[in-house]
Each structure stands twice: as C-alpha cells, then as structure tokens.
1. Compute, for region 15-457, the length of the dipole vector about the Cα centre, with Cβ point charges of +1 (Lys, Arg) and -1 (Asp, Glu) only. Units Debye, rounded to 20.
2. Cut-off is 10 Å between beta-carbons; in what order do Trp102, Trp10 appear when sorted fewest neighbours first?
3. Quick check: the distance between the Cα centres of region 89-111 and region 293-312, to the nearest angstrom?
4. Starting with the fewest neighbours, write out Phe165, Phe454, Phe261, Phe206 ranked by other beta-carbon atoms found within 10 Å of each beta-carbon.
5. Just tell me which lysines come within less than 21 Å, Cα to Cα, of Lys126; anything on the same chain fewer than 8 places away is out.
6. Among Cys328, Cys118, which comes first, then next, by fewest other beta-carbon atoms within 10 Å?
7. Test of understanding: what is the full-extension gain from Leu207 to Thr6, defined as 0.36 nm times their sequence separation minus their Cα-Cα distance?
8. Over the chain, what is the mean sequence separation of C-alpha contacts under 8 Å (at least six apart), divided by residue count, expressed as relative contact order in percent?
Amino acid sequence: MGIVETLTNWTGSISGFLWSAPLAFTLLGAGLIISVTLKFVQFRGFKHGIELISGKYDKPEHEGAITHFQALSAALSATIGTGNIVGVAEAIYWGGPGAIFWMWLTALFGMAIKFTSCTLAQKFRKIDPDGYVRGGPMYYIEMGLGPKFKFLAIIFAVFTALAAFGTGNMAQANSVSNALSGLVYGNLVDASDFWFKLIVGIVLAFLIGLVIIGGIKRIGQVASRIVPLMSVFYVTGSLIIIFMHLDMAAAAIQLIFKSAFRPDAVTGGMAGSAFIIVLRHGVARGIFSNESGLGTAPMAHAAAKTDKPVREGLVAMLGPFIDTIVICSMTAVIIIMTRDWTVVHGPELTSYAFNSFIPHWGHVIVSIGLAFFAFSTVISWSYYGEKGFEYLFGREKRLIYRWIFLMFIPLGASIKIKLVWNLCDIGNALMALPNLIALLLLLPLIHRLSRDYFKEYKGYKKQR
C-alpha cells in the first residue's frame, strides 16, 4: 500500500469519527436552538435581507471596505464552488438521495447560524487607522467571551489557516483539473492525465495570484462580477434539463424525501447504519457547500460598510439559501433523475448526469461551471486562511501565507480526490466546534441586538 493510499485510509477514519452522528446532530441542534431563540429569523427577515443587498440602505460614509452586495458576493464566491457540483455528487454517491434532505435541513438551520455569526463579526470587528478591517470568529470569541476564551480563538485561527488548504484550495483545484481533463480528452469517467492536471493547477495559481494581491477590496470587486455570471450560467443549463423532464424531476424529489428517513428502502442496507451514513454525508457535504457554522463567511461580512451589525447578518443568511436550496438542489435532482448515481463519483458523476440529458454538451456546462466556481472559491478562501494566519502571526506576515497558499494549488490539482475530501471534512469539523461553542454562548447578545433592530425597523416602516 502506497503513501497516498495509507493517508487516504487514515484520514478517512478520522473524518468518519468527526462526522459521525454526534457532530452532525450538534450542528443541527445548534441551528435549531438558534432558530427558535431568534424566532426563525431566517424566514421573517428574508425579505428585508433582499432589500439590503439592493443597496437601498448603503451609505458610503459608513465604516468598512465593501458594500453589502460585495460582501455577500465574496462569501458566495467561497460557498458556490465545487460543493455545488462535486459535493452534491459525493453526498449522493456515498449517502444516496436521502442525503440531499439533510443538506436542505442543514442549509435552513444554517441560515440562522450564519445570521448570528456575521452579526457578531460586525459587532466585534476591529478597524485600523488606515481603514484595514479585521473581523471574524477569532475576534468575537476573544472580545465577546473575554480573554479566558482566547484559546478557542487560537484553535479556530489555526484550523482556518490549515483548512483553507483543503476546502478552499486543493479540493477546488482537484475538481476543476478533473473536469477540464475530461473535457479536453473526451473521457469523463477516467480523466487521469497527470501533466495536464498539473498545468491546469499552475495556470489557476497564477490567475488567483493576480486577484488576491489586491486584498478584500479586489476580491469583493471580482466576486461581485463573477458570482452572478456563473450562477446564471449554471442555473440556466440546469433548468433546461429539469423543465424538459418535469415528471422525472418530480420523482427524484419524492425519492429524496422517501430515502431521508428510510434509506434501507432505497439502498437495501440495514436501517440504522444506513440512516447514519445518509445523515453524515448529507450534513458534511451541506456544511462544505454553504459553510454555515464554520465561521468563514463572518470574515468577509465583517468588512461590509454598515453601522447596524444585524443588517449584515440578514444579508449573510441569504447565502445558504442561494447556495444549497437553489443551486445544489438543481445538481441533485439531475443526478437522481438518471437513477444511476453509483456509476462514477466526483465531478464525473455530475458530468455523466448532465450528459445523459444533453448529449455532447452536458459535460461542457458542468466543466465551465466548475472552472468558474472553483476559481471564485479559491479567491475567497485565500482571504479566510490569511485572516486566520494574520490573527496568529500579525498583519505584516500575511504575504507569506499568500505565497504558500498559491503553491498548494498545483498539488491539489494532481492528487487523488478521496484524500482531498477527507482533509476537507477534518478541517471543517475542527473549525466548526470552537465557532459553535462561541455562537451558543453569545446567543443572548444576538437576541437583544436582533430584537432592538427589528423594533427600529418596524418603526421606520411605519413612518414611510
């Protein structure tokens, strides 16, 4: 057994332990507690969140570096990534159609979690004299909970800096190199040309470097252009397939609900163990896709221009809805419509599904979408990892992290996918734990901020 196979098995065991039922239920439980405490803010504040990204409440004089829309775009550019194409395929391949139900539930509760974390990021952000913004879980843990909890902030920063190499770097590069290799060589099932993938990784690293050198302002500007374009492109292609086969799409959705609680009825496995597998892969892939609970998005939303922390929380909570409820669902329905989701996995499974309904062109939609998604994801995750590194070693050292981050992109483009996904799951779990602890401890503060803001907002509406 080679080194890669050994590492794959070893990391797989760790990933399986971390993402077993206890952690999955912890994430869902935290989301439920926050949702109930905040009176399901993800539903009652949804419309106002849309109003905010329209620019209606933007004021240039507010402190910050980017607008509400640019902050959401920067966060979405990290979440609308390979998780929407590859993560969904992996969830269905390993957990069956029922895993998608748990992805949906993770997203709905995740909206409340993201509201909480991004409101706190605004509340406890630091702005240097030159306008440089520092914010995120590290700061609301340290400043909100006090010095005795700083160890949690350090743990989060360490695993953010490390997880960025998996979730936001190698997984993205790996997926796009596989997809483009299949597109160029016309072999969707076994796209394994090492040198081509390595070249793709080098080119991707060069392009990413051109963007991240400009910091969050450049990232926000690029993301606000790429995210709408890539989303419309992929959603349009998906809707064409779904509307051409509405009866099959309806059957696929029924199968998702049927197998969410009775996976044995679909897979033929034992009920208890099958349910745990479905739950684990649904929640893990859901977290990978929309990043709710990880604490990444607060680092982008902390830079938004606003004097009302709750406003940025309302903007941020739209992310999981767009990412998972809309885009991931389209990928999932199309894969399940084939009734053959175990033939291959990773990006090849999504390409196979799209090609089944749009011969010769389906895989082109997936490959182009994946290239855009991966590019934008790496851009934002470089910023997240840099923020963790900056918290640990200081602002003046952040360029060191950028160079190391760029060097890992070609590596990720050319190694085996299972090892990459195992590393992602481990990193995500170790980020989520300290962040969730802080969110639950700071929930009374969020409840007061939310209550006061909505009272003020209702008064403003009555005056109009």
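Values quoted throughout were computed directly from the atomic coordinates according to the rules given, and no laboratory measurement underlies them. This one's a predicted model, so the numbers in the text were calculated from it and none came from an experiment. All Cβ positions, even for glycine, are placed from backbone atoms using ideal geometry, and neighbour counts span all protein chains on display.
1. Numbers: 34 positive and 24 negative charges, 191 e Å.
Roughly 920 debye for region 15-457.
2. Trp10, Trp102
3. With region 89-111 and region 293-312 each reduced to a Cα centre, they are spaced 26 Å.
4. Phe206, Phe261, Phe454, Phe165
5. Excluding near neighbours in sequence, the set is Lys59, Lys114, Lys148, Lys150, Lys217, Lys305, Lys308, Lys387, Lys397.
6. Final ranking by Cβ density, sparse to dense: Cys328, Cys118.
7. On the way: separation 201, 0.36 × 201 = 72.36 nm, distance 3.28 nm.
Length difference between fully extended and current span is 69.1 nm.
8. Averaging sequence separation for qualifying contacts and normalising by length gives 37 percent for the chain.
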